[in-house]
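The values are calculated or read from the model by the stated rules, or taken from the named source; none is laboratory data. The shown structure was predicted, so the numbers you read here are calculated from the model rather than taken from an experiment. So basically every Cβ, Gly included, is an ideal-geometry build from the backbone, and we count neighbours across all protein chains shown.
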């Protein structure tokens, strides 16, 4: 290294001088560098460096080894107290530093551990991890429920020939023993959902029929049958035997039935609602008078304390259980907001005193009521006749069955009432709906003479943890007494 | 000279390397905690640099960082370490989202001649504290990491360093068109550490 000053010689530079000097010789091929090199031999080292700063001719002509050597040498000179003369301004120093850093990029090895740090998911369940990014504490408490996929088509379709296309009747029910009953014309068929076996329970005589309503008793064994001739029959489904006939309680056909333990409540075309104690000989124990047209919807609440009735007179009445055996019972509430016949009635399974009711073709609304106060909570125009309503027992969802124009089932999120799904398949209005005992499957019968099964409310496996959530931790503190 | 050693704090290469590698350990923990790479509940609070610092209690991560630290101090003592980069990547795509860049300048005279320098512990501590505060406050301007992330550490060493058995050569894992924020630096008079965070520039926000 010809150009070495004695002061530089004291310091051992990291790249070996011999390799640098050989690279300098190679550099001589470049005319600019050649000039520089000559200057370096004739002038002071520091001046040379200053010039080098000004000369970054082009990248391809740069030799990083050489540049690095010069730069690191330069720093040593500065730090060396013997060459105290400071020729370089702070900005130049900074520039040199940046330059050195850039060169270092090409002079360093980038190393990483072979064994990587454990990924977060290996250590913690994914639910935890997603909670980690969540900011609010409420998000942390409840893990995000996976979205349930709702099949858009029916799981199974059965023929239902000769089913009466009559809005005011109730011809489909699903008992607690997992047997479905459907009335087709004069005949009642039983279909066992657990094994798919179908059987005929009874065919009513032509002069008495057709069947206008069927309803399983809570035990899942006995079945009440309402007839066109105003009679009501009780059948034992296991022995396929008629137990008794309730005569003379109505003047006209019996289109709606519901059970409250041993009390069978019947609604007739005559506008009367009768309570019958089926255990005793004189079964008629009370009458609810309020409707002046056909009663087509009858539903006892889950607690058995209130009865909701809907009629062709566009009225919904709420009746109290305690007055069921009096002859002059007065309704608890008369709800007059619907503008068409009300057949669809459904008591909310997770909120006491909440009733959903759906109006017919002239109304098309689903309305929510507080049956304790009689207040209208919400009303949604569905755009179509509402023939039936069912609550999901496991989620806060409501299913509605519709007529013209799409003949669809619509799944609603409650209380937001956003549409979660539209299930199409029926080609005529969906008149009747029934829910399986496990609450997951819904059967619908329509005027197109088909019975379809929809797996709309999820599978039992996923619903179990949701049921666990229902007891609120501080429920007993918040009771107002 | 003897009277001066009594009053001034002498710092040796070994001591400086220990301070710097310890700093990396705490800084890495702090970044992993503040950026939510690992769940909050896997960290425990300790007092360090006059600040409450969070250290991971996860054995895997702990082991990774302590292995890293022992290797880093070895390189620091040899003056071979140029830069340490903590890279945060998306777990799903592997895309680099953040690079925490610690460049190290080593005083070669100390490495070569074994001399020592003078700087008080307190002063160094204060400088480190400022960086730690900046790391903790960085969440206010860094983009949200709203997906599961993993991290890696890159060490930039001199070319003449033999690759240790447990290490492999890596690409720099650069971010294209990054935003950069320079944080404070600290200097032990032997090792000078400059901190810089670069992150993916999200022009959708503009």
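What the table shows:
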read-out: Unique match (being under 34 Å from the mean Cα position of the chain (by Cα) and within 25 Å of residue A:220 (Cα to Cα)) among A:282, A:309; value: A:309
read-out: Tally of residues being at the interface with chain A (Cβ under 10 Å from one of its Cβ atoms) and under 13 Å from the mean Cα position of the chain (by Cα) across the range B:60-70; value: 2
read-out: Matching residues in the range A:274-324 - criterion: being over 18 Å from residue A:262 (Cα atoms) and in a strand (DSSP E or B); value: A:289, A:295, A:296, A:297, A:309, A:310, A:311, A:316, A:317, A:318
read-out: Any chance residue B:74 is surrounded by fewer than 20 Cβ atoms within 10 Å (Cβ to Cβ) and either within 20 Å of the chain's Cα centre (by Cα) or farther than 24 Å from residue B:194 by Cβ (or both); value: yes
read-out: Counted residues, the range A:200-213 - those being surrounded by 12 or more Cβ atoms within 10 Å (Cβ to Cβ) and either touching a strand residue (DSSP E or B) at 6+ places or on another chain (Cβ under 6 Å) or modelled with pLDDT of 90 or more (or both); value: 9
read-out: Given (1) part of a loop (DSSP other than H, G, I, E, B); (2) touching a residue at least 40 places away in the same chain (Cβ under 8 Å); (3) at the interface with chain A (Cβ under 7 Å from one of its Cβ atoms), number of the condition residue B:142 does not satisfy; value: (3)
read-out: Close pairs from the range B:30-51: first away from every other protein chain (no Cβ under 14 Å) and in contact (Cβ under 8 Å) with a residue 60 or more places away in the chain, partner buried (at least 17 other Cβ atoms within 10 Å of the Cβ) and in a strand (DSSP E or B), Cβ under 7 Å, at least 6 apart; value: B:30/B:53; B:30/B:54
read-out: Yes/no for residue A:251 being surrounded by fewer than 18 Cβ atoms within 10 Å (Cβ to Cβ), in the same structural domain as residue A:202 (by TED's automatic domain parsing) and touching a helix residue (DSSP H, G or I) at 6+ places or on another chain (Cβ under 6 Å); value: no
read-out: Given (1) within 18 Å of residue A:266 (Cα to Cα); (2) surrounded by 13 or more Cβ atoms within 10 Å (Cβ to Cβ); (3) at pLDDT 90 or above; (4) over 30 Å from the mean Cα position of the chain (by Cα), number of the condition residue A:173 does not satisfy; value: (4)
read-out: Sole exception among (1) free of Cβ contacts under 8 Å to residues at least 40 places away in the same chain; (2) surrounded by 17 or more Cβ atoms within 10 Å (Cβ to Cβ) for residue A:239, by number; value: (2)
read-out: Identity of the residue in the range A:242-268, without any contact (Cβ under 8 Å) to a residue 40 or more places away in the chain and assigned to a loop (DSSP other than H, G, I, E, B), that ends up nearest to residue A:179 (Cα to Cα); value: A:262
read-out: In the range B:167-190, the residues that are in a loop (DSSP other than H, G, I, E, B), touching a residue at least 24 places away in the same chain (Cβ under 8 Å) and away from every other protein chain (no Cβ under 12 Å); value: B:175, B:177, B:188, B:189, B:190
read-out: From B:153, B:111, residue being touching a helix residue (DSSP H, G or I) at 6+ places or on another chain (Cβ under 6 Å) and within 13 Å of chain A (Cβ to nearest Cβ); value: B:153
read-out: Looking only at the range B:87-108, and only at residues there that are away from chain A (no Cβ under 12 Å) and in a loop (DSSP other than H, G, I, E, B), the one that is farthest from the chain's Cα centre (by Cα); value: B:93
